[in-house]
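Let me begin by presenting the structure, written as structure tokens, before commenting on it.
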Amino acid sequence: MELAARLREIVLVKRQLGEVPSHSELIQYERRFSELYAHIQEKHRQTQKYYATYNALLEIKELMLKETSLLNSISSQFQDAIISTAGRMKLIDSMEKIAKGSQQKLEKVQVGLRAEQKTCDVIRERHAAAIAEQRRCHSLLKAFQEQCAKNERLRSQSSV
């Protein structure tokens, strides 16, 4: 009876010890999680790129449909405009509205372009700063290595 209880306690402790991962297992888990995180980030970037492409193509399609509709409208109104003065005035008014709408669309696109250019400029500045920092670190490392070599030479000369 006492032996069975003791054996159960031992088995329970062994089970609890087996549930705690060792240091090497923890390092392996951490490495794998890092790999998975990098993989997920790459997939996320790809997905964002696909969405951006899709949205751009969708906008192009909408603009092309509007252009087709506009040309069809002009074509149908042109015949009426030639016949009467009221038709000509209606066509001119319609053309002015179309020009105004096109101008508004152009301004909207230009605002978006300026925002994208600002973002691009910020990224370029960060990149230039990172490259400058990398060059500085490289030169410091080279100077440090030279000093280490000089120190080693001086030690070997003083020990002789």
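Readers should treat all values here as calculations from the given coordinates under stated rules, not as data from a laboratory. Not measured: the values here are computed from a predicted model.
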In whole Hz and in residue order, list the ³J(HN,Hα) couplings for the stretch 115-132 that follow from phi through the Karplus curve 6.51 cos²θ - 1.76 cosθ + 1.60, θ = phi - 60°; x for Gly and Pro. 5, 5, 5, 4, 4, 4, 4, 4, 5, 4, 4, 4, 5, 4, 5, 5, 5, 4
Highest GNM mean-square fluctuation, the chain, Cα pairs closer than 10 Å: which of 142, 49, 66? 142
What shape does the chain take by its C-alpha gyration tensor, where a ≥ b ≥ c are the square roots of the eigenvalues and a/c under 1.5 counts as rounded, a/b above b/c as prolate, and the rest as oblate? oblate
Of the residues 91, 140, 36, which exhibits the maximal mean-square fluctuation in a Gaussian network model of the chain defined by a 10 Å Cα contact cut-off? 140
Set 61/118; 61/108; 66/90; 49/105; 49/97; 61/97 screened for pairs whose C-alpha atoms are more than 29 Å apart: 49/97
Return the single residue from 31, 114, 88 with maximal mean-square fluctuation; model: Gaussian network over the chain, springs between Cα atoms under 10 Å. 31
